[in-house]
Structure formats: structure tokens, C-alpha cells
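I have placed the structure first, in the form of C-alpha cells, so that the comments after it can refer back to it.
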């Protein structure tokens, strides 16, 4: 499994945001279309019907976001040590992004968990949004792009690549 931009690629499967488990929300990109996964967001949006695909509510990596994450971790550690019983925090879930799937029928909004704890670097966000737009430019473009992403995921070992390598992959997939 590896994260490249807004995408989570696991053994050939391509997700926008984190790969969901159980009833958690998620979005998978397949050769057939965009699939909403999880509780209350199911369905297949066929590529032939999709006219635009974008993501909103993307947390962008910044110094303040990093400081906030460290502060939250420190507070959580102190709380866990100070309370004799687990606090059972419910806010440990990552933030959600909104994947907007547009078609002649209107706009469908799907939720996907953010995979990057401190946010995504701005260049990766921009390249990812370009890639999503590219997927709606026709069957040949979509199939070639998704096939390249899936093939990379099937051969990838060792987790997510470094930032420069992620940008290079996104540039290659959007070319």
C-alpha cells in the first residue's frame, strides 16, 4: 500500500483518500467508474456518465497543521495518562474530504477519509486534481491512466515513496 498525492494505491486498487475498511466511507476508482463505498454511500458512477471529478475539503500541509497535530498528540497522551480509565475519544477519526462526481444527472458528493495525517503538499494536491480531471477526458485516457496507477501499485513494495518521487509519479500519470 502506498499514498501518492490524494490517492491510496493498494495492490492494484486505486482509492481517493484512505482505503476504507468496514462501513467507513471511501471512494474507489475502477475501470468501470467511480464507486462510493461504506455506510450510506454506495453506487457506481460509470465513466461514460462522469463529466467532472474533483475533491474539496483537502487539508493542505502547512507548518500550523503540523503544530496542531503534535499538540493534539501531546494532549491525547497527557489525557490518557491522567485518566484512570480510557477516555474513549470519538474524535480520533481522520478528517473527511468530499469527492464530487458530476454527470448530466447532477452532482453526487461522496466522502473519503484523508490519508495524510498532516495534510497533503500543495504540488501533490494540484497534480492530483489534474489527474482526476484527466480521468473524465475519455475512455482511452482513463483506462491508460488507471492501468498505469494499478500496475505501479501491484509492484510497489516498502510503503509510500518520498515527496519528490510522488510528484514525479503524478506528473507521469498526468502526461
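Only the coordinates and a few stated rules stand behind these numbers; no lab work does. What you see is a predicted model, and the numbers here were worked out from it, not measured in a lab. Cβ: placed from backbone, ideal geometry, glycine included. Neighbour counts: every protein chain shown.
Could you tell me how far the Cα centroid of the range 106-169 sits from the Cα centroid of the range 31-53, in Å?
Each part reduced to its Cα centre gives a spacing of 16 Å.
What ranking do 158-166, 16-24 get when scored by the average of other Cβ atoms within 10 Å per residue, highest first?
So the peptides 158-166, 16-24, ranked by packing, come out 16-24, 158-166.
What does the highest-first list of 26-33, 53-60, 100-107 look like by mean Cβ count within 10 Å?
26-33, 53-60, 100-107
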